[in-house]
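What follows is a single structure, and I will ask about it in a moment.
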Amino acid sequence: MTKPRMRTLALLLTGAAALAACAPKAPKILPPDPGNAVSTDTSGGGGVQGPVPGTQADFVAQMMGQDTIYFDTDKYNIDAADQAALAAQAQWLAKYPGKKATIEGHCDERGTREYNLALGERRANAAKNYLVSLGIDASRISTISQGKEHPIALGSDEASWSKNRRAVTITID
């Protein structure tokens, strides 16, 4: 190799080494994810304690599936199972009076878009009205109809349709 090539190679290697030394190092402890709703044990045990109280993750964990109520075809009435689920939701909301909630009304794929938007709205409002009857301030609860736009189960059979006819409560700040 000629001296100019050796010098160029040496400069390139030195520059690469210098850049590698300047590369950011991963921190020893990562900051918490802003969307993370799980608290960690800071007492040195290293374990996970569970959802942070008052968060959506806590709500879902406490409800154990009762954050969602289901409806019959073309119906928006609150039956006994729905009443139990909404009573559990009302208890959680009463425990955290600063939290608000949005209730999403959903439908199965059958029917027109307009019909399903109206039915989803009736379902969300039925759930809201029941929560209000249990003592939750109406100003804390908003509703939205998703119609048939966000199915949870894909399929064109009764099993899928029955999972999609629902109202879901989501807590917000």
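The values are calculated or read from the model by the stated rules, or taken from the named source; none is laboratory data. Predicted, not measured: the structure shown is a model, and the values here were computed from it. Neighbour counts are summed over all protein chains in view; Cβ atoms, including those assigned to glycine, are modelled from backbone coordinates with ideal geometry.
Applying the selection to region 73-83, what residues are part of a helix (DSSP H, G or I) and exposed (fewer than 12 other Cβ atoms within 10 Å of the Cβ)? It would help to see each step written out before you state the result.
So the first thing to find is which residues in region 73-83 are part of a helix (DSSP H, G or I), and the list is 80-83.
The answer is A80, A81.
Looking at G120, G46, which is the one that is among the small types (G, A, S) and modelled with pLDDT under 95?
Only one candidate passes the filter, namely G46.
Is it fair to say E109 is touching a residue at least 12 places away in the same chain (Cβ under 8 Å), more than 22 Å from the chain's Cα centre (by Cα) and not in a helix (DSSP H, G or I)? Walk me through how you get there before you give the answer.
On the way: touching a residue at least 12 places away in the same chain (Cβ under 8 Å): yes; more than 22 Å from the chain's Cα centre (by Cα): yes; not in a helix (DSSP H, G or I): yes.
It is true that E109 is touching a residue at least 12 places away in the same chain (Cβ under 8 Å), more than 22 Å from the chain's Cα centre (by Cα) and not in a helix (DSSP H, G or I).
Looking at S142, S156, which one is in contact (Cβ under 8 Å) with a residue 40 or more places away in the chain and either touching a strand residue (DSSP E or B) at 6+ places or on another chain (Cβ under 6 Å) or part of a helix (DSSP H, G or I) (or both)?
Sole residue among the options that is in contact (Cβ under 8 Å) with a residue 40 or more places away in the chain and either touching a strand residue (DSSP E or B) at 6+ places or on another chain (Cβ under 6 Å) or part of a helix (DSSP H, G or I) (or both): S142.
Restricting region 150-173 to residues that are of a type in the set (S, T, N, Q) and under 16 Å from W92 (Cβ atoms), which is surrounded by the fewest Cβ atoms within 10 Å (Cβ to Cβ)? Quick ask: steps written out before the conclusion?
Residues of region 150-173 that are of a type in the set (S, T, N, Q), as a first pass: 156, 160, 162, 164, 169, 171.
Then drop every residue that is not under 16 Å from W92 (Cβ atoms), which leaves 169, 171.
On the way: T169: 26, T171: 22.
Selected residue: T171.
Could you check G147 against (1) surrounded by 15 or more Cβ atoms within 10 Å (Cβ to Cβ); (2) on the phi > 0 side of the Ramachandran plot; (3) without any contact (Cβ under 8 Å) to a residue 40 or more places away in the chain and say which number it fails?
Of (1) surrounded by 15 or more Cβ atoms within 10 Å (Cβ to Cβ); (2) on the phi > 0 side of the Ramachandran plot; (3) without any contact (Cβ under 8 Å) to a residue 40 or more places away in the chain, only one is false for G147: (3).
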